[in-house]
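Undergrad: Just dropping this structure here.
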Amino acid sequence: MRRVVVAEVKREAEAVICVGLVDPHGRELPDWTPGSHIELVSGEWRRYYSLCGTRDDRNRLSIAILREPEGRGGSVHFHDTVKPGDVLHIAGPKNHFHLDETTTRYTLIAGGIGITPIIAMADRLKALGKPYVLHYCGAGRRTMAFLERVERDHSAALTLHAGDEGCRLNLPSALSSLAEGEQVYACGPERLLEALGSLAEKWPEGTLHVEHFTARSNILDPENEHAFEVVLADSDLTLQVGNHQTLLEALTSAGVDVPSDCCEGLCGTCEVAVTDGNIDHRDLVLSRTERDANDRMMACCSRAAGKRLTLAL
Ligand code: FES
């Protein structure tokens, strides 16, 4: 954990604030890459936010926070309490949404507050001189963060889709003619990412890269789970994973150290190798082919499809 001071809190759009964080002693902060996030910590509140400032300014990390009254409370807490001079803590930066800089052409799609990692990617692609198009969707201009910056810096690549102006994004037509090797990076609401996921089924694997705000299907509901047995082949150990616990929890309780980070199936840190048994994959990390291979799983959320799994642990 690193101590940081809130240098600025700025209204960025309706219900969106941009928070600038600096080192308490004026030192440089860690470098980061487009798609990176930090974990912002205030008392018991911990939330992940994508970095969206300019990488040239090594003294400041910037994040944007959408106030979500229907959410789990973190965004409302930060909106209502964070002010300049506050001391907060951060973990990271970490990047689970890497921009592959080697490809020749890019389509970037941002829905609402999903602009935060996407704007950093657009900045980078522009600096690299790579061809890209940027679709930015929102309910209306008043709700769309960084609109002025996006229009100023990326006007040649930008198509704005403001819902209240009647110009919604038509995904099939926007993505009807992907060039060979073109990659698509998207961040936004789950319905946008699901629609993209359906389209991507026809694309070459590895074309679509998405950042989910939250995991969808990994909430543990003991009434609908079954317990299973896990054999740790390398340790000569057999564990029971109850219907009320995750595989990661069972491993940790048994003293088996598996690194983890998001605990929501988003980051890939807790991957373990599987040598026997069928996996019920619930993460958002593995590709179709990787899932079908049935040889690795995310311990924080995925489970056994049957009664038993053997892990190379
Ligand atoms: S800890 Fe992030 S996927 Fe499991």
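Undergrad: Taking just the alpha carbons, could you work out the radius of gyration and Dmax for region 222-311, both in angstroms?
TA: Gyration radius and largest Cα-Cα distance of region 222-311: 11.8, 32 Å.
Undergrad: A further question follows. Express the accessible area of region 1-94 per residue in Å², computed with a 1.4 Å probe while the remaining protein chains stay in the model. Please list the in-between numbers first.
TA: Working: 4750 Å² over 94 residues.
Ligands and nucleic acids excluded, the figure is 51 Å² per residue.
Undergrad: Counting only C-alpha contacts under 8 Å and six or more residues apart, can you give the relative contact order of the chain as a whole percent?
TA: Numbers: 641 pairs, mean separation 40.6, N = 313.
Normalised by residue count, the contact order of the chain is 13 percent.
Undergrad: Which value, in Å² rounded to 10, gives the accessible area of Phe146 with a 1.4 Å probe and all protein chains present?
TA: 10 Å²
Undergrad: Could you state the accessible area per residue of region 106-211 in Å², with a 1.4 Å probe and every protein chain left in place?
TA: Numbers: 4660 Å² over 106 residues.
That works out to 44 Å² per residue.
Undergrad: Also, I was wondering about something else. According to the Kirkwood expression over distinct Cα-Cα pairs, how big is the hydrodynamic radius of region 2-95, in Å?
TA: 13.2 Å
Undergrad: By how many degrees, between 0 and 90 and to the nearest 10, does the Cα long axis of helix 115-128 differ from the longest principal axis of the chain?
TA: Value to nearest ten degrees: 70.
Undergrad: So, one more: Quantify, in whole percent, the carbon and sulfur part of the accessible surface of region 222-311 (1.4 Å probe; protein heavy atoms only). Please list the in-between numbers first.
TA: On the way: 1870 of 4390 Å².
Summing carbon and sulfur atoms, their accessible area is 43 percent of the total for region 222-311.
Undergrad: Moving to a separate point now. Could you list the GluC sites (Glu not before Pro) in region 27-115 that lie in coil according to DSSP, counting only those with at most 10 other Cβ atoms within 10 Å of their Cβ?
TA: Working: sites: Glu28, Glu39, Glu44, Glu70, Glu101; in loops: Glu28, Glu44, Glu70, Glu101.
Of the GluC sites (Glu not before Pro), the ones in loops of region 27-115 whose Cβ has at most 10 other Cβ atoms within 10 Å are Glu44, Glu70.
Undergrad: May I ask you to list the GluC sites (Glu not before Pro) in region 157-197 that are in a DSSP loop and have at most 11 other Cβ atoms within 10 Å of their Cβ? Can you show the working numbers first?
TA: Numbers: sites: Glu165, Glu180, Glu182, Glu190, Glu194; in loops: Glu180, Glu182.
Of the GluC sites (Glu not before Pro), the ones in loops of region 157-197 whose Cβ has at most 11 other Cβ atoms within 10 Å are Glu180.
Undergrad: Is it possible to state the helix-based mean residue ellipticity at 222 nm for the chain, with each DSSP H run of 4+ residues giving -39500 (n - 2.57), the sum divided by total residues, to the nearest 500 deg cm²/dmol? What is it?
TA: Numbers: 7 runs with 57 residues, N = 313.
After summing the helix terms and dividing by the residues of the chain, the value is -5000 deg cm²/dmol.
Undergrad: Excluding ligands, DNA and RNA, what is the solvent-accessible area per residue of region 222-311 at a probe of 1.4 Å, expressed in Å²?
TA: Numbers: 4390 Å² over 90 residues.
Result: 49 Å² of accessible area for each residue.
Undergrad: When Rg is the radius of gyration of the Cα atoms in region 106-211 and Rh is its Kirkwood radius, what does Rg/Rh come to? Can you show the working numbers first?
TA: Values: Rg = 12.9 Å, Rh = 13.8 Å.
Expressed as Rg/Rh, it is 0.93.
Undergrad: Evaluate the chain: find the radius of gyration of its Cα atoms, find its Kirkwood radius, and give the ratio Rg to Rh. If you can, show how the numbers build up before the last one.
TA: Numbers: Rg = 20.8 Å, Rh = 21.1 Å.
Across the chain, the Cα-based Rg/Rh ratio is 0.99.
Undergrad: For His98, His226, His37, His77, write out the residues from largest to smallest accessible area, computed with a 1.4 angstrom probe and no ligands counted. Don't skip to the answer; put the middle values down first.
TA: On the way: His98 115, His226 70, His37 20, His77 45 Å².
I get His98, His226, His77, His37, largest accessible area first.
The values are calculated or read from the model by the stated rules, or taken from the named source; none is laboratory data. Computed from a predicted structure; not experimentally measured. Neighbour counts run over all protein chains shown; Cβ positions are idealised from the backbone, glycine included. SASA here: full protein model, heavy atoms, side chains in, ligands and nucleic acids out. Shrake-Rupley method; radii C 1.70, N 1.55, O 1.52, S 1.80 Å.
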